[in-house]
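Peer 1: Pasting a structure here, questions to come.
The values are calculated or read from the model by the stated rules, or taken from the named source; none is laboratory data. Treat the numbers as computed from the prediction; the structure is a model and nothing was measured. No Cβ is skipped: glycine too gets one built from the backbone with ideal geometry, and neighbour counts run over all protein chains shown. Ligands, DNA and RNA are excluded from the accessible area calculation, which covers all protein heavy atoms including side chains. Shrake-Rupley method; radii C 1.70, N 1.55, O 1.52, S 1.80 Å.
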Amino acid sequence: MRIAAIFSVTALLIGCSQPAAKPNPSDQISVTKVWSTSNVVKTNNKYLRLQPVFKGGKIFTANANGNVYALDAKTGDVLWRNKTSTPISSGVSVSKNNVFVGTAFGNLIAFDQNTGGRSWFQSFESGLLATPSISRGVVATASMSGQISAYRASNGHLLWNQEVMAPALALRISGQAAVAGNKFIVP
């Protein structure tokens, strides 16, 4: 038994000491920069990771200064820009017709995907950090105070609202709700 264990460990060590395989040159790809922009993502040194969304040949993005943008994905040209009156604190979500962001002061705002005009908004008691989740024509989001709400994405009609007890002391959580069929699983 002892010899078998020593043999196994020796074989494992010999197997691990083999040099790594060299990449095949035919498997390599080349990357070329098509365009770049820095004006859109400027945030006055505020550390937020607001991820852009690509849909229908457009890139939708936002920054902490309250700006929401639609860019042409091929050229980087700004198609539209809308400035909110409060800082944006959540990432961008995109439905069939609208672009959604949450603000630090508790607003869920829907913008028309084609024009950038404000479609509708809803107010919460506290800020929204998590990116709004969208499924089956419903947009759901949660506030820092524990208010979880779902709205019809097309017009902002409230479908349901749930209050959960927020802990007395918590780190700021910005986790996006997961979607499973017709259920929203909120962190």
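Peer 1: Can you tell me how much longer the chain between ILE29 and VAL164 gets when fully stretched, taken as 0.36 nm per residue apart minus their C-alpha distance, in nm with one decimal? Mind dumping the intermediate values first?
Peer 2: Details: separation 135, 0.36 × 135 = 48.60 nm, distance 4.89 nm.
That pair, ILE29 and VAL164, stretches by 43.7 nm at full extension.
Peer 1: Now a separate question. Amide H to amide H under 5 Å from VAL92: which residues, 5+ apart in sequence or cross-chain, H placed 1.01 Å off N in plane?
Peer 2: GLN51
Peer 1: What net charge is computed for the residues neighbouring ASN98, neighbours being all others with C-beta under 14 Å from the C-beta of ASN98, Lys and Arg scored +1, Asp and Glu -1? Intermediate results must be reported in sequence, preceding the final value.
Peer 2: Details: positive: LYS55, LYS58, LYS96, ARG118, ARG152; negative: ASP112.
Summing Lys/Arg as +1 and Asp/Glu as -1 gives +4.
Peer 1: For the stretch 49-161, what is the convex hull volume of its Cα atoms per residue in Å³?
Peer 2: Numbers: hull volume 9.5 nm³, N = 113.
Output value, Cα hull per residue: 84 Å³.
Peer 1: Which order do ASP112, ASP27 take by accessible area at a 1.4 Å probe, largest first?
Peer 2: Numbers: ASP112 45, ASP27 115 Å².
The ranking, largest first, comes out as ASP27, ASP112.
Peer 1: Counting only protein heavy atoms and a 1.4 Å probe, tell me what percentage of the stretch 47-150's accessible area is made up of carbon and sulfur.
Peer 2: Details: 2200 of 4370 Å².
On the stretch 47-150, the fraction of accessible area on carbon and sulfur atoms equals 50 percent.
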